[in-house]
Amino acid sequence: MSYKIVYDKNSCIGVGQCATMSNIWSMTNRGKAELKDAKEVSPGIFELEIPDEAYSKELQAANSCPVSAIKIVKVE
Amino acid sequence: MQAQVLEKVWKSDDIFSLRLKTPSTLQAKPGQFVMVTLSGFPQRAYSIVEEKDATILLGIKMQQGTSKALSRLQGGETLDLIGPFGSFIPREGEQVTLVAGGIGITPMISLYKHYMLSGVPVQTLISSNDDFVFLEYFSAPRLFDTRKGPRICARDIPQDSLVYLCGPEPMINSLRDDLEKRGHPSNMIFSEDFK
């Protein structure tokens, strides 16, 4: 089993906590977070598979988002 | 953290400021915001207009939900705050242009003060289709009343200037596109859209 990050960029308000917790996140000069190497699966929705060992760290980054723009889901 | 409402001041028919007492100084950077929770309403982000002696001033446009509930506060109530947050903060530049639309003026107030105190030339362009608010914080802003005149456009902005854009998303996107078409370096344009 592996996991993927699902990021709703439309909901991002630029809090920036994710970027302080994980280096796969960065802040753009458009006031939004960017998920490195992620694929845009529908307008504004980005996904990135992560290795199991990254799960805990990325879950913390996801949970730090106060507008719940980041979710970690299982990939079956 | 919890913050106590000290004062509410109406700036126009639908825009007001709230001064909140915080447990300690937040040490917010210019342009940052806090997330505010009022019991029973969704959490919302509001820019910090100014921070002084463990108080912060927020500028809020009354819409539905949280902001409407906040507009009914009289003083003495307690709110939950987290923050400060945000990357719409000062960068080094030789000159700066602040472009605000409507309530997008709120993060510009602390940015303007920062650059003025730093000795960096800064000009402010403000557009509104309603009352202009918080003008007391600026010296000689250029005002664009879109009810009776032109909108702000890219040629109003000097090309070697850092540009901060804040306001409604369509205005921000259109100005950013026009600036980039005119050759303005994209890494000198910073934006925050207010929904």
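The values are calculated or read from the model by the stated rules, or taken from the named source; none is laboratory data. Keep in mind that what you see is a predicted model, and the values were worked out from it rather than measured. Glycine also receives a Cβ, built like all others from the backbone with ideal geometry; neighbour counts cover every protein chain displayed. The area values use the complete protein model at the heavy-atom level, side chains included, leaving out ligands, DNA and RNA. Shrake-Rupley method; radii C 1.70, N 1.55, O 1.52, S 1.80 Å.
Give the residues of segment B:89-133 that are at pLDDT 95 or above and on the phi > 0 side of the Ramachandran plot, sorted by residue number.
B:GLY119
So, of the residues in segment A:12-21 that are more than 9 Å from every other protein chain (Cβ to nearest Cβ) and surrounded by 21 or more Cβ atoms within 10 Å (Cβ to Cβ), which turns out to be farthest from the chain's Cα centre (by Cα)? Please lay out each step first, then the result.
Within segment A:12-21, the subset more than 9 Å from every other protein chain (Cβ to nearest Cβ) is A:12, A:18, A:20-21.
Subset that is surrounded by 21 or more Cβ atoms within 10 Å (Cβ to Cβ): A:12, A:18.
Numbers: A:CYS12: 10, A:CYS18: 7 Å.
Per the criteria, the residue is A:CYS12.
Would you check if there is a residue in segment B:91-106 being of a type in the set (Gly, Ala, Ser), in a loop (DSSP other than H, G, I, E, B) and farther than 28 Å from B:SER161 by Cα?
The answer is no; no qualifying residue exists.
Please indicate, with yes or no, whether at least one residue in segment B:62-74 is surrounded by 14 or more Cβ atoms within 10 Å (Cβ to Cβ), under 17 Å from B:ILE109 (Cα atoms) and hydrophobic (A, V, I, L, M, F, W, C).
No: zero hits.
Which one of these is surrounded by 15 or more Cβ atoms within 10 Å (Cβ to Cβ) and not aliphatic (A, V, I, L, M): A:GLU53, A:GLU58, A:GLU76? Walk me through how you get there before you give the answer.
Details: A:GLU53 fails: surrounded by 15 or more Cβ atoms within 10 Å (Cβ to Cβ); A:GLU76 fails: surrounded by 15 or more Cβ atoms within 10 Å (Cβ to Cβ).
After ruling out the rest, the residue left standing is A:GLU58.
Of the residues B:SER118, B:SER87, B:SER47, B:SER110, which single one is out of contact with any Leu (no Cβ under 9 Å at 6 or more places or on another chain), closer than 25 Å to B:ARG176 by Cβ, polar (S, T, N, Q) and within 14 Å of another protein chain (Cβ to nearest Cβ)?
B:SER87
Would you mind telling me which numbered condition in (1) open to solvent by 40 Å² or more (accessible area, probe 1.4 Å); (2) touching a Phe, Trp or Tyr at 6+ places or on another chain (Cβ under 9 Å); (3) assigned to a loop (DSSP other than H, G, I, E, B) B:SER12 fails?
(1)
Check B:SER127, B:SER139 and return the single one that is within 30 Å of B:THR37 (Cα to Cα) and not assigned by TED's automatic domain parsing to the domain that holds B:LEU20.
B:SER127
Filter segment A:8-24 for residues that are among the hydrophobic types (A, V, I, L, M, F, W, C) and either in a loop (DSSP other than H, G, I, E, B) or over 17 Å from A:ILE45 (Cβ atoms) (or both) and give the result.
A:CYS12, A:ILE13, A:VAL15, A:ALA19, A:MET21, A:ILE24
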